[in-house]
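Engineer: Before anything else, here's the structure in question.
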Amino acid sequence: MKVRKIAAAAGLATGAALAFAPLASAAPTDLIDFESLNSSEMASLNSLFTLGAQLTAVPSSAYSDVGGFLRIDPEDLATYAPQLTNPADAGDVTGLEYYLYGVNPIEAGISSSSGAYNVFNGAAIQFADAYNAQLFELFNPGDTAPASIFIGSDAHIAAALLTDNPAVYFYNFGVGDLGGYFQQDLSFLQIPVAEAVPGAASTVDLSSTFTAEIEGMNSLFGLAGDAAGVSDKIVEGTGVLPWDTIPTADTTDLFNTLVFGLNPDNVTDGPIGSYDVLNGALTEFANAYNVGLFALLSGGDVIDAGDIFGTHADFLEGGVASAIGEFLQLGFNDILGYFDPGSLIPAM
């Protein structure tokens with residue numbers, strides 16, 4: 001798998017967003033310019049929201065900036081994002097709501113104030129805050145993160161800060177939101193929060209976890225095949241890592257769009273596999289989960305590089321916390337890349 005390029009604002013391209021202060025004089029939050037990072041993340045979400053508005057014919061006059069996020073104006077909600085709670089009204093769901101909340105907006109739960117914070121059913125903002133929490137922990141181990149470094153709702157932030165690991169809280173919540181977007185159970189990607197008795201790394205066997213993750217992604221891959229009418233071309237995976245694949249010559253534009261998103265440049269050159277679902281994001285989230293789970297079960301050890309899905313085993317060189325942050329960031333960037341229209345729509 002390759003790193004996808006994204007056009008939506010800056011995403012989590014922290015090279016431009018982070019400013020590091022001298023270690024000797026820095027306060028806990030001074031090591032990272034979270035204000036700039038948050039502005040970058042919010043700009044990314046706003047850019048994705050604007051793209052959705054363009055795709056679904058919502059005029060710019062129907063939304064405005066409130067607290068840094070674009071949202072549908074109250075007087076325009078009934079037209080472009082009605083507050084539906086009755087499944088009998090599903091026929092009235094708008095194109096924007098499908099874009100924001102997924103394949104079944106009613107079941108996913110439509111917000112009463114639809115805006116950029118609802119992109120991917122709210123998963124994107126949760127992953128952004130998971131990244132912020134992990135980044136803070138990397139530079140301030142043991143310190144409690146201030147609420148000001150996050151961009152999500154006050155309720156989610158307060159709940160996360162009551163836990164021992166806010167990054168895991170935000171991440172797991174994001175996985176749940178993502179599952180709602182696709183109406184698929186993605187709990188196999190969530191990081192367990194229960195305490196575990198650590199043992200020796202040599203006794204930790206995650207093979208069943210790997211199989212469950214791959215089977216989950218195979219299921220989503222199969223749904224794309226069914227929708228595009230190419231399910232008979234999918235080759236079932238075998239062996240230790242049974243990824244389902246499909247020869248590039250047997251795919252269609254619709255199938256590629258369902259797997260990789262709106263930018264044709266995302267499509268890989270080699271065989272397309274279930275590891276590419278959602279532009280590769282789910283695979284990176286699985287890597288973040290596996291790194292954390294292995295460390296939890298082994299007493300803090302780093303997972304073997306051979307157990308990393310894809311080509312980014314080098315992320316392990318920085319240790320457990322750093323690797324989790326890197327994989328979360330890459331997965332979030334892949335999500336943004338999924339909605340990058342590339343040459344289909346003029347760049348904003």
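Engineer: Checking V240 against (1) surrounded by 14 or more Cβ atoms within 10 Å (Cβ to Cβ); (2) in contact (Cβ under 8 Å) with a residue 24 or more places away in the chain; (3) β-branched (V, I, T), which test does it fail?
Structural biologist: (1)
Engineer: A further question follows. Being free of Cβ contacts under 8 Å to residues at least 40 places away in the same chain, within 29 Å of P146 (Cα to Cα) and surrounded by 14 or more Cβ atoms within 10 Å (Cβ to Cβ) is true for just one of N165, N256. Which residue is that?
Structural biologist: After ruling out the rest, the residue left standing is N165.
Engineer: Kindly evaluate D226 against the criterion of being of a type in the set (D, E), within 29 Å of L100 (Cβ to Cβ) and under 18 Å from the mean Cα position of the chain (by Cα).
Structural biologist: Here the answer is no, as D226 does not meet what is asked.
Engineer: Looking at this structure, is A145 outside any loop (DSSP other than H, G, I, E, B) and either buried (at least 18 other Cβ atoms within 10 Å of the Cβ) or small (G, A, S) (or both)?
Structural biologist: Judged against the criteria, A145 is not a match.
Engineer: I would also like to ask the following. May I ask you to say which residue of F69, F127, F139, F120 is among the aromatic types (F, W, Y) and without any contact (Cβ under 8 Å) to a residue 60 or more places away in the chain?
Structural biologist: F69
Engineer: Do you know which of the residues in the range 286-303 that are closer than 28 Å to V235 by Cβ and modelled with pLDDT under 85 is surrounded by the most Cβ atoms within 10 Å (Cβ to Cβ)?
Structural biologist: A288
Engineer: Would you mind telling me which numbered condition in (1) crowded, with 20+ Cβ neighbours inside 10 Å; (2) touching an Asp or Glu at 6+ places or on another chain (Cβ under 9 Å) L262 fails?
Structural biologist: The one condition L262 does not meet is (1).
Engineer: Further question: Could you please find all residues in the range 179-206 being within 9 Å of S298 (Cα to Cα), in contact with a Gly (Cβ under 9 Å, 6 or more places away or on another chain) and either at pLDDT 75 or above or in a helix (DSSP H, G or I) (or both)?
Structural biologist: Residue satisfying the conditions is A201 alone.
Engineer: Something else about it: Mind checking which pairs have a first residue in the range 293-312 that is over 16 Å from N165 (Cβ atoms) and of a type in the set (S, T, N, Q) and a second that is modelled with pLDDT of 90 or more and in a loop (DSSP other than H, G, I, E, B), Cβ under 7 Å, 6 or more apart or different chains?
Structural biologist: none
The values are calculated or read from the model by the stated rules, or taken from the named source; none is laboratory data. Just so we're clear, the structure is a prediction, and the values are computed from it rather than from any experiment. Counting neighbours? That spans all protein chains shown, and the Cβs are built from the backbone with ideal geometry, glycine included.
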